[in-house]
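What follows is a set of notes on a single structure, which appears directly below.
Values quoted throughout were computed directly from the atomic coordinates according to the rules given, and no laboratory measurement underlies them. Remember, predicted model here, so these are calculated numbers, not experimental data. Because the Cβ atoms are built from the backbone with ideal geometry, glycine has one as well, and the counts that use them run over all protein chains shown.
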Amino acid sequence: MNASEELRSIVESVTPRLEQMAGPEVTERPAPGKWSKTEILGHLTDSAANNHHRFVRAQLLDQLDFPSYDQDRWVEIQDYAGADWREQLSLWRAYNLHLARVIERIPEATLSRRCRIRTEGVMMLGEIVDGYLIHLRHHLGQLLPDFGRVRQTRAGPDCPGGLRSPGTGAVTGAAASGPPADPPDG
């Protein structure tokens, strides 16, 4: 299964289950300093937005230097803690289905284009796409604990916490748990 098919499959398989959630299950924080499920979903929408521009811009220019983003501040500034779960879910679903279309149309040769993300160093566009899916699966595992085991610690670009194999960008390790899994600089 390619990345765009995998993204579509993930979105379509988890959306009905996420639609069943409501109330304290999505609004309460599991512990001090941890995100609620609504905040995690908002973070996933922010991740989609940040990666959207990477996926498109990397096709337009030969050399790119992308900023990182302060994910905790993004969640705070947008007040995901007070956001409506169903509205957030609808936005997250639509944005990810759009990203699947964008990913599907990336020319194969462009996937090897080098991009620099300030917190990550130099990566190929294909690694950024793969990292996006790893990050998504990681956080969906927090929303739906039986979603599946994440095989990597690396939650993707902008979500420090794992390891990349030197020189290859390959992801290694075992997943950490508990939202937010990510320090403020990612």
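A few remarks follow.
- Among 79-86, 20-27, 137-144, the peptide with the highest mean count of other Cβ atoms within 10 Å heads the list, and the full ranking is 137-144, 79-86, 20-27.
- A Förster distance of 30 Å, applied to the separation of the beta-carbon atoms of Glu6 and Thr110, puts the FRET efficiency at 0.95.
- Residues whose amide H comes within less than 5 Å of that of Phe66, counting only those at least five positions distant or on another chain, are Arg116, Ile117, Arg118 (H built at 1.01 Å from N in the peptide plane).
- Summarised as an ellipsoid, region 1-98 has semi-axes of 26, 19, 10 Å, derived from the eigenvalues of the Cα gyration tensor scaled by 5 and square-rooted, with the largest first.
- Only Cα pairs under 8 Å and 6+ residues apart enter the sum, and on that basis the relative contact order of region 1-158 stands at 28 percent.
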